[in-house]
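Quick note: the coordinates plus some simple rules give every number you see, no bench work behind them. Everything quoted here is computed from the prediction, not taken from an experiment. Glycine gets a Cβ as well: all are built from the backbone with ideal geometry, and neighbour counts include every protein chain shown.
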């Protein structure tokens, strides 16, 4: 499988992913499933006013910027999804309703109502598969060389949901495998100012995200899934600051994992 460079583009209506620091040498692949609020022109904004497409329902605010800054800090490539989660959610299996949501946080998505299978398949082929094929290709390239990369997944969450003020600054999600989660949580908690959630504000096992299952569990690769509160990373400087926080927490865990792989 050919891997894209930072400047390559896919010849479909728009680029379904971007690669940052594509020549990174570390045995790490960073992914960001909800990096973009972009809705391709053919969808005419999905029938939503523009202000809705800038909200958290369309993307993970700040997550893409954190991933962009984190990539060179870890000397790793970052694969960023280029399509809004309202077109198709690249962190959901096709079979679940939230894959192409008809509603999100109480907002109706008119263009997603009563879709036929042809349109669903087209979205999967045009946007979902290219993004995940790029991730798979980069994992394969490591494995061909006898190396098992660690995965780092960046998400963000709203400060308030259903009237609940979420106290966490950052959360770490996992399902069965906590090879990276446990040491990263420990490192994050060295800063007494940080409120760190364990499987908060979401439970990584209920249901496990697509990447957590398809890229990590099925390849027996460790994964660190971060959820960062959106008000903390809404600006470029704040996103860069949090990239440094994550890098500091990840480096010891990744080094320990690498040493284990070498000795095994």
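Pop the C-beta distance of residue 108 and residue 144 into the FRET formula with R0 = 41 Å and round what comes out to the nearest 0.05. If you can, show how the numbers build up before the last one.
Details: r = 46 Å, r/R0 = 1.12.
Computed FRET efficiency for residue 108 and residue 144 comes out at 0.35.
With the convex hull built on the Cα atoms of the range 17-263, state its orientation-averaged projected area in nm².
13.0 nm²
Give me the number: length gained by fully extending residue 115 to residue 244, i.e. 0.36 nm times residue separation minus the C-alpha to C-alpha distance, one decimal in nm. Could the numbers behind the result be given before it?
Working: separation 129, 0.36 × 129 = 46.44 nm, distance 4.20 nm.
Full extension of this stretch gives 42.2 nm more.
Between residue 95 and residue 136, what is the label-point separation in nm under the 7 Å Cα-to-beta-carbon projection?
Result for the modelled spin labels: 1.7 nm.
Which order results if 210, 131 are arranged by neighbouring Cβ count within 10 Å, fewest first?
Numbers: 210 19, 131 26.
Fewest to most other Cβ atoms nearby, the residues stand as 210, 131.
What is the distance in Å between the Cα centres of the range 190-204 and the range 124-144?
29 Å
Could you grab the relative contact order for the range 143-264? Cα pairs under 8 Å, six or more apart, rounded to a whole percent.
Relative contact order, the range 143-264: 37 percent.
Work out, step by step, the length gained on full extension between residue 206 and residue 44: first 0.36 nm times the residue separation, then minus their alpha carbon distance; give nm to one decimal. Working shown, then result.
On the way: separation 162, 0.36 × 162 = 58.32 nm, distance 3.30 nm.
Answer, rounded to one decimal: 55.0 nm.
Sequence gap at least 6, Cα distance under 8 Å: using those rules, report the relative contact order of the chain to the nearest whole percent.
Values: 482 pairs, mean separation 60.9, N = 264.
Relative contact order for the chain comes out at 23 percent.
Looking only at 82, 24, 163, which one moves most when the chain is put into a Gaussian network model with springs between Cα atoms under 10 Å?
In the Gaussian network model the winner is 163.
Using alpha carbon centroids, what distance separates the range 167-185 and the range 57-90, in Å?
Centre-to-centre (Cα) distance: 19 Å.
Students often get this wrong: which residues of the range 156-174 have the backbone nitrogen under 20 Å from the point 7 angstrom along Cα-to-C-beta of residue 194?
Inside the label zone: 156-159, 166-174.
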